[in-house]
Amino acid sequence: MGTQHMKITVIGTGRVGTSIGLALRQEQRFELVGHDRDLKTAQRAQQRGAFDRVEWNLPAAVENADVVILALPLAAIRDTLQHIAPMLKPGALVMDTASLKRPVMQWAREFLPDGVHFVGGNPVLNPALALDARTGPDAAHPDLFAGGLYGLMPAANCAPEALQLASNLVALLRATPFYPDPAEHDGLMAAIEGLPGLLSLALMRTAAASPAWREARKLADYPFNMSTSLVEGDPARQRDLLLYNRDNLVRWLDALLAELDHLRQLLLTGDAEALEQIVREADQARRLWLSDRRLGTWEPAPEIELPTTGQIMSQMFGLGWLRRRGPKGT
């Protein structure tokens, strides 16, 4: 199978999907096709150079695709999987980029046919670009994933070669693959994504519901704006992120309520020394996290020698599993 004939389709040409296209385009070895339900968004991604072409028609976009990457909000993945499943060729690899994995893995089991391989993914962005809150293809960057981690979670019936291909693609994005358990992954995401969203929501509602809000809003500035910024966005998307991970969120919310109750007791007693110590500890923990995040200096882990680009490409196109192999090697 010649490298020029590997077709990779990216469904969803926002910041993440367009960045995937821009990064893979640097190799000049793929046929890259983009699709977005908003045709103007897809066309803008093509203008940025992310894709060889864009297809407004979803069946045409995935026809004969070797790899399909769903760079979509969680709410859109279920219907998309159901829609494209009959059109996927045997041996195709399907990936996603949503931040929750348990529901996506369930939908993949439910809708994808035998012989189509699924690897769930969650990219942790380049620290230099992660704080950029812009969306859409104009916010895309070929280095969006460079230097970051990229979680890969294969379906139970995923062929080893399919997981290897997913890992190789991640390496071409210049990210480091790691392989968490989906349930553990979603438990962690509840703390670092779901809980901040709940706090932002609760703060905005508490302030806006107060009779004092009429005057307080005139004084609200940077701290309040930053603390409530996560309320912005698609309400349905926020709802799904909360509901699909509600079991984990409730546990983290209980822990947060216990911490808030502890802080409340310190305020009631006026314990200045204890309050100062708590603030100092939190500040130190945050500074350490930010430093580790920028440098990628996490706890020591076994060294993984990533293959060179040439080795990656020869592995990807020397396997031939895309044509031959089903989920059990048949």
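Where a number appears in this text, it was derived from the coordinates with a stated rule and is not lab data. Everything numeric here is computed off the predicted structure, so don't read it as measured data. Here the Cβ positions follow ideal geometry from the backbone for every residue, glycine too, while neighbour counts run over all protein chains shown.
Where does helix 309-318 land angle-wise versus the long Cα axis of the chain, in degrees 0 to 90, nearest 10? It works out to around 50 degrees.
Residue-wise HN-Hα couplings along the stretch 156-169, as the Karplus relation 6.51 cos²θ - 1.76 cosθ + 1.60 with θ = phi - 60° gives them from phi, are 4, 9, 6, 5, x, 5, 5, 5, 5, 4, 4, 5, 5, 5 Hz; Gly and Pro carry x. Would you compute, from DSSP H runs of 4+ residues alone, the mean residue ellipticity of the chain at 222 nm, taking -39500 (n - 2.57) per run and dividing by the full residue count, rounded to the nearest 500? After summing the helix terms and dividing by the residues of the chain, the value is -15500 deg cm²/dmol. Springs between alpha-carbon pairs under 10 angstrom, Gaussian network model over the chain: which of Gln43, Gln28, Gln277 fluctuates most? Checking each option, the largest mean-square fluctuation is seen for Gln277.
Computed from Cα positions, the angle between helix 272-295 and the longest principal axis of the chain comes to roughly 20 degrees.
Taking packing as the residue-averaged number of other Cβ atoms within 10 angstrom, the listed peptides 184-196, 57-69 run from highest to lowest as 57-69, 184-196.
Whole-Hz Karplus values for the stretch 250-261 come out as 4, 5, 5, 5, 4, 5, 5, 4, 5, 5, 5, 5 Hz, taken residue by residue from phi with 6.51 cos²θ - 1.76 cosθ + 1.60 and θ = phi - 60°; glycine and proline positions read x.
Each residue of the stretch 87-104 is assigned a 3J(HN,Hα), and the resulting list reads 9, 7, 7, x, x, 5, 10, 10, 10, 9, 10, 5, 7, 10, 10, 4, x, 5 Hz, derived from the Karplus form 6.51 cos²θ - 1.76 cosθ + 1.60 (θ = phi - 60°), x at Gly and Pro. For Thr228, no residue has an amide H sitting under 5 Å from its own, ignoring neighbours fewer than 5 places away on the same chain, with H placed 1.01 Å from N.
Between helix 195-209 and the chain there is an angle of about 50 degrees, using the helix long axis and the longest principal axis of the Cα atoms. Amide H to amide H distances under 5 Å link Phe145 with Asn126, where only residues 5 or more positions off or on other chains count and H is placed in the peptide plane. Counted residue by residue at 0.36 nm each, then reduced by the alpha carbon distance between them, the extension gain from Leu266 to Glu110 reaches 51.1 nm. Scanning residues 5 or more positions from Gly151 or on other chains, those with amide H under 5 Å from its amide H are Asn122, Val124, Phe178, with H placed 1.01 Å from N in the peptide plane.
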